[in-house]
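**Student:** Here you go, one structure.
The values are calculated or read from the model by the stated rules, or taken from the named source; none is laboratory data. The structure displayed is predicted, hence computed values, not measured ones. Using ideal geometry, Cβ is built from the backbone for each residue, glycine included, and neighbour counts are taken over all protein chains shown. For accessibility, only protein heavy atoms count, side chains too; no ligands or nucleic acids. Shrake-Rupley method; radii C 1.70, N 1.55, O 1.52, S 1.80 Å.
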Amino acid sequence: MAILKAGSRLRSQVDSTELIVVRAPAADLDLLIGGHPAIEISGEPTAGLTAEPGEPALMGKRYTREEGDLELLVTKAGTTGLTIGAKALHLKESKPLPASD
């Protein structure tokens, strides 16, 4: 587990997913990408890991959890999913713009 900080850039160890932490709680979280811990963007992935299946992370999309205290922006798409522990993160809904009439 690690404390996520807003502005941190992280990447997957098993695919091409890269993301930026937009908002994070002060508590420790176990952010997994493809079933393995996310690492700093400059970190070296552990060799021999295999990805667990999941919904692919989509570039330019924001992911959050039900509590609403975590927001991640995917900057490079991947083929595996984002989870906190065993709980999958979901796409953040966009807010409709007000009518300009």
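**Student:** In region 1-36, how many residues are in contact with a strand residue (DSSP E or B) (Cβ under 7 Å, 6 or more places away or on another chain) and either β-branched (Val, Ile, Thr) or closer than 16 Å to Gly78 by Cβ (or both)?
**Tutor:** Number satisfying all stated conditions: 17.
**Student:** Condition first: surrounded by 12 or more Cβ atoms within 10 Å (Cβ to Cβ), farther than 15 Å from Ser16 by Cβ and at pLDDT below 95. Now tell me which residues in region 42-69 satisfy that.
**Tutor:** Glu52, Glu55, Arg65, Asp69
**Student:** All but one of (1) in contact (Cβ under 8 Å) with a residue 40 or more places away in the chain; (2) farther than 20 Å from Lys92 by Cβ hold for Val22; state the number of the condition that does not hold.
**Tutor:** The one condition Val22 does not meet is (2).
**Student:** Condition check: at positive phi and open to solvent by less than 50 Å² (accessible area, probe 1.4 Å). Does Gly78 satisfy that?
**Tutor:** no
**Student:** Right, something else. What's the total number of residues in region 28-41 that are surrounded by 18 or more Cβ atoms within 10 Å (Cβ to Cβ) and either charged (D, E, K, R) or closer than 11 Å to Leu10 by Cα (or both)?
**Tutor:** 4
**Student:** Could you tell me whether region 21-29 includes any residue that is assigned to a loop (DSSP other than H, G, I, E, B) and either charged (D, E, K, R) or within 9 Å of the chain's Cα centre (by Cα) (or both)?
**Tutor:** no
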